[in-house]
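Below is one structure, written out as structure tokens; the observations come after it.
The values are calculated or read from the model by the stated rules, or taken from the named source; none is laboratory data. Given the structure is predicted, the values throughout are model-derived calculations rather than measurements. Cβ placement follows ideal geometry from the backbone for every residue including glycine, while neighbour counts extend to all protein chains displayed. SASA here: full protein model, heavy atoms, side chains in, ligands and nucleic acids out. Shrake-Rupley method; radii C 1.70, N 1.55, O 1.52, S 1.80 Å.
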Amino acid sequence: MGNREDLLAGARRCLEEKGYLRTTVRDIASAAQVSMAAIGYHFGSREALLNQALFAAMDEWAAGSGRLAGQGDTAAERYADTWDRKIRDFADMRWLWAANVEAFVHAQSSPELLAILAEEQRKSRPMVAAQLRGVPQEAVDEGDVRALGSVHLALLTGVMVQCLTDPEGAPNGREIVRGLRTMVELLEG
């Protein structure tokens, strides 16, 4: 690997071990076994390098968990199974979700990172809506992007935070489906 790839691998290790906010330039350079100046040369800043490493890890996760999958026969069972898999991912990759929360907090004082996160959410909404509808992304209308995609991302973020803060008390897939059904009943009643 070259210095750039070494730095990305080092930054990922630092994210796994120290998180987003506590990782320093020195930590990354040491993990990558390159000079601290290499970070500036290849990425411009520690934040830009950490962002790239974090988003690459998120892309890896999304590639492996992007589709609705499950054993169930009904859409509700498949959705619950999908949530159970996501919740296992939150436990198995706790570092990734904690780093995401740290990045969200840091973005409040970093207009550059805030813009990147906002763009990532804009790109995720149609993808999520298409997955939930079971159609190609081009077939999803803007109403589903804004409603279905946005609500599912809000639910995903909320469940992720619950899993990070209270893993034993966080809902499982069946409870999420039950909660959604109850919400629909309340809204229609």
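Is it the case that some residue within the range 22-29 is open to solvent by 70 Å² or more (accessible area, probe 1.4 Å), within 21 Å of THR157 (Cα to Cα) and not in a helix (DSSP H, G or I)?
Pass one, the range 22-29, residues open to solvent by 70 Å² or more (accessible area, probe 1.4 Å): 22, 26.
Still in the running and within 21 Å of THR157 (Cα to Cα): none.
No, there is no match, as no residue in the range 22-29 is open to solvent by 70 Å² or more (accessible area, probe 1.4 Å), within 21 Å of THR157 (Cα to Cα) and not in a helix (DSSP H, G or I).
Tell me whether the range 43-50 contains one or more residues that are at pLDDT 90 or above, surrounded by 15 or more Cβ atoms within 10 Å (Cβ to Cβ) and either of a type in the set (Lys, Arg) or farther than 16 Å from ARG13 by Cα (or both).
The answer is yes, given that some residue of the range 43-50 is at pLDDT 90 or above, surrounded by 15 or more Cβ atoms within 10 Å (Cβ to Cβ) and either of a type in the set (Lys, Arg) or farther than 16 Å from ARG13 by Cα (or both).
Looking for something β-branched (Val, Ile, Thr) and without any contact (Cβ under 8 Å) to a residue 40 or more places away in the chain - is there at least one such residue anywhere in the range 83-105?
Within the range 83-105, none of the residues are β-branched (Val, Ile, Thr) and without any contact (Cβ under 8 Å) to a residue 40 or more places away in the chain.
Which of the residues spanning the range 159-189 are open to solvent by less than 30 Å² (accessible area, probe 1.4 Å) and part of a helix (DSSP H, G or I)?
Within the range 159-189, VAL159, MET160, CYS163, LEU164, GLY173, ILE176, VAL177 meet the criteria.
Only one of these is β-branched (Val, Ile, Thr) and over 28 Å from LEU21 (Cβ atoms): VAL105, VAL140, VAL159, VAL101. Name it.
VAL140
In the range 106-148, what residues are within 14 Å of the chain's Cα centre (by Cα) and either without any contact (Cβ under 8 Å) to a residue 60 or more places away in the chain or closer than 20 Å to LEU15 by Cβ (or both)?
Across the range 106-148, the qualifying residues are ILE116, LEU117, ALA118, GLU119, GLU120, GLN121, ARG122, LYS123, SER124, ARG125, VAL128.
Taking the range 100-157 on its own, how many of its residues are assigned to a helix (DSSP H, G or I), among the acidic types (Asp, Glu) and open to solvent by 50 Å² or more (accessible area, probe 1.4 Å)?
5
Looking at (1) out of contact with any Phe, Trp or Tyr (no Cβ under 8 Å at 6 or more places or on another chain); (2) on the phi < 0 side of the Ramachandran plot; (3) surrounded by fewer than 14 Cβ atoms within 10 Å (Cβ to Cβ), which one does TRP61 not meet, given that it meets all the others?
Failed condition: (3).
Going by the conditions given, is ALA56 under 20 Å from GLY10 (Cβ atoms), in a helix (DSSP H, G or I) and open to solvent by less than 70 Å² (accessible area, probe 1.4 Å)?
yes
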